[in-house]
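Trainee: The structure follows.
The values are calculated or read from the model by the stated rules, or taken from the named source; none is laboratory data. These numbers were taken from a predicted model, which means no experiment stands behind them. Because the Cβ atoms are built from the backbone with ideal geometry, glycine has one as well, and the counts that use them run over all protein chains shown. Heavy atoms of the whole protein, side chains included, go into the accessibility calculation; ligands, DNA and RNA do not. Shrake-Rupley method; radii C 1.70, N 1.55, O 1.52, S 1.80 Å.
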Amino acid sequence: MAILPGAEPFSHDGSDVGVLLVHGFTGTPQSLRPWAEHLAEAGYTVRLPRLPGHGTTWQEMNRTEWSDWYATVDATFRELLARCRTVFVAGLSMGGALALQLAQNHGPRVAGLVLVNPAVKFEDPRLVVLPVLKHLVGALPGIANDIKKADATELAYTKTPLKAGHSQIVAWRTVIRDLPEVTQPVLLLHSPQDHVVPASSSALVLSKISSEDVQEILLENSYHVATLDNDAPLIFAESVKFIERLTS
């Protein structure tokens, strides 16, 4: 399956401090590439994989599910662990939920989490009928490109594949159940104006994790895809400060 131009993964070998970046549902590494490049310029070893089914076609994504995406994240994390003394994990939207599950499964081997508009819940009434609807309709209109900045565009599907989407929602149950197992330092940045993931998603994460070192930052001038939006420089700078503080 051909990969969309711009959807390629990003990899950089730098210091013995590694950072794994995880993109969101129906998105691609393009949404996090400027962040990855900033971290690489700061000297870190960076990995930004393309999750299975993403960056090709929405029909192809409908043949993948949460376990496939998590397997890629887990394998990339283990590769970083083998070459770095410390590894941080960062994610946007669904990437944040995958990062949380990685922290739950790997414990202190994850040095810290940077979460941008993490998705562990929606407030869409259509979700009630999704288990049936996914067999009747392949996809619904897309959720991509929720960006306030006028000249920014997210490379993502224009449709939401429902079978893949349902697998994410089912997986959230486990992620939410195990949030108390997250004890790592957390930097959580979220947009008050987010038209994809409700503010209650970040609030749920913050209310249930057991981390003692938690920093919350509001992204007042961005929508959901904040890593390509007006507050992107703030996200980049604060993530470097977070990593530097924990590795100094």
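Trainee: What pairs can you find where one residue is in the stretch 5-32 and under 11 Å from L80 (Cα atoms), the other is open to solvent by 40 Å² or more (accessible area, probe 1.4 Å) and assigned to a loop (DSSP other than H, G, I, E, B), and their Cβ atoms are less than 6 Å apart, with a gap of 6+ or different chains?
Mentor: That search, which allows pairs on different chains as well, returns D16/R85.
Trainee: Now a separate question. Tell me, please, whether a residue that is within 24 Å of Y223 (Cα to Cα) and open to solvent by less than 30 Å² (accessible area, probe 1.4 Å) can be found in the stretch 52-62. Let's see the steps before the verdict.
Mentor: Step one: filter the stretch 52-62 for residues within 24 Å of Y223 (Cα to Cα), giving 54-55, 58.
Then drop every residue that is not open to solvent by less than 30 Å² (accessible area, probe 1.4 Å), which leaves 54-55.
Yes - at least one qualifying residue is present in the stretch 52-62.
Trainee: Which ranges mark the helices (runs of 4 or more DSSP H) fully within the stretch 12-110 that have 3 or more residues being of a type in the set (F, W, Y)? Reasoning before the result, please.
Mentor: Details: elements: 33-41, 58-61, 66-83, 94-106.
Per the criteria, 66-83.
Trainee: Name the one entry in H23, H12, H54 that is in contact with a strand residue (DSSP E or B) (Cβ under 7 Å, 6 or more places away or on another chain) and under 18 Å from A144 (Cα atoms). Quick ask: steps written out before the conclusion?
Mentor: Working: H12 fails: under 18 Å from A144 (Cα atoms); H54 fails: in contact with a strand residue (DSSP E or B) (Cβ under 7 Å, 6 or more places away or on another chain).
It is H23.
Trainee: Also, I was wondering about something else. Would you pick out the residues in the stretch 150-172 that are assigned to a loop (DSSP other than H, G, I, E, B) and either crowded, with 18+ Cβ neighbours inside 10 Å or in contact with a Leu (Cβ under 7 Å, 6 or more places away or on another chain) (or both)? Break it down into steps so the answer makes sense when it comes.
Mentor: Step one: filter the stretch 150-172 for residues assigned to a loop (DSSP other than H, G, I, E, B), giving 150-158.
Answer for the stretch 150-172, where residues must be assigned to a loop (DSSP other than H, G, I, E, B) and either crowded, with 18+ Cβ neighbours inside 10 Å or in contact with a Leu (Cβ under 7 Å, 6 or more places away or on another chain) (or both): A152, E154, L155, A156, Y157.
Trainee: Can you tell me which of (1) within 17 Å of R245 (Cα to Cα); (2) in contact (Cβ under 8 Å) with a residue 40 or more places away in the chain is the one S202 doesn't meet?
Mentor: Result: S202 passes all but (1).
To keep it simple, each residue is scored yes or no on (1) touching a residue at least 24 places away in the same chain (Cβ under 8 Å); (2) among the aromatic types (F, W, Y).
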residue: Y44; (1), (2): yes, yes
residue: L48; (1), (2): yes, no
residue: A71; (1), (2): no, no
residue: G95; (1), (2): yes, no
residue: L100; (1), (2): yes, no
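Trainee: Specify which of the listed residues (T227, T247) is open to solvent by 30 Å² or more (accessible area, probe 1.4 Å) and β-branched (V, I, T).
Mentor: Numbers: T227 fails: open to solvent by 30 Å² or more (accessible area, probe 1.4 Å).
Residue meeting the stated conditions: T247.
Trainee: Those residues that are touching a residue at least 60 places away in the same chain (Cβ under 8 Å) and open to solvent by 10 Å² or more (accessible area, probe 1.4 Å), I need them from the stretch 173-183; list them, please. Show your work before the answer.
Mentor: Applying the first criterion (touching a residue at least 60 places away in the same chain (Cβ under 8 Å)) to the stretch 173-183 yields 174-175, 178-179, 181-183.
Answer for the stretch 173-183, where residues must be touching a residue at least 60 places away in the same chain (Cβ under 8 Å) and open to solvent by 10 Å² or more (accessible area, probe 1.4 Å): T174, D178, E181, T183.
Trainee: Check off (1) exposed (fewer than 14 other Cβ atoms within 10 Å of the Cβ); (2) within 18 Å of the chain's Cα centre (by Cα) for E212 and give me the number that stays unchecked.
Mentor: (2)
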